[in-house]
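Heads up, the thing below is written out as structure tokens.
The values are calculated or read from the model by the stated rules, or taken from the named source; none is laboratory data. This one's a predicted model, so the numbers in the text were calculated from it and none came from an experiment. So basically every Cβ, Gly included, is an ideal-geometry build from the backbone, and we count neighbours across all protein chains shown. Quick note on the areas: whole protein, heavy atoms, side chains included, nothing else; ligands and nucleic acids left out. Shrake-Rupley method; radii C 1.70, N 1.55, O 1.52, S 1.80 Å.
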Amino acid sequence: MTVRLADAREGWRGERAGSRAARRRPGGWRLQAQKNNGRGATGPGTGVVTRTKPKAKRPSLYRVLLLNDDYTPMEFVVLVLERFFGKSREVATQIMLHVHHNGVGECGIYTYEVAETKVTQVMDFARKHQHPLQCVMEKN
């Protein structure tokens, strides 16, 4: 679609088509002038209107961590890892031993909402079974 520059000088909200605000508007229209190559009616009075697509950025990721304590049974930690994080028995046991020896262990990396939900589920489950197991999240 070609538009004469004289007719398209005003963009949305009265902005000039070549202004910085009109060029940077996400999803807005942008007017591009065409060069005259001598083969048609693309002279200084015509242009092309194109629609720009906004770029979506990737969401931040968060690590969900289990903290060691002296009272929560190891078998309960393995159960939590299997139930809420989908780990196999072997992987859950490895993570549990890592938490036991190092004081902290990573259960998984998720987006903010998923990590927050998993932390809440683990804390509620531990509280319900009267264990002081702590689960936290930190930005990756």
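Odds and ends about this structure:
- Extended-chain gain in nm, criterion 0.36 nm per residue less alpha-carbon gap, GLU90 and THR50: 8.9 nm
- Rough spin-label spacing in nm, given labels placed 7 Å along Cα→Cβ, for ASP124 and HIS98: 2.7 nm
- Where trypsin sites (Lys or Arg not before Pro) fall in DSSP loop in the stretch 49-120, at most 12 other Cβ within 10 Å: LYS55, LYS57
- Label-point separation, GLU113 to ASP69 (7 Å along Cα→Cβ), nm: 3.0 nm
- Computed accessible area, GLU106, all protein chains, 1.4 angstrom probe, square angstrom: 80 Å²
- Computed in the context of the full set of protein chains, the accessible area of the stretch 81-121 at 1.4 Å probe radius has 52% of its extent on carbon or sulfur.
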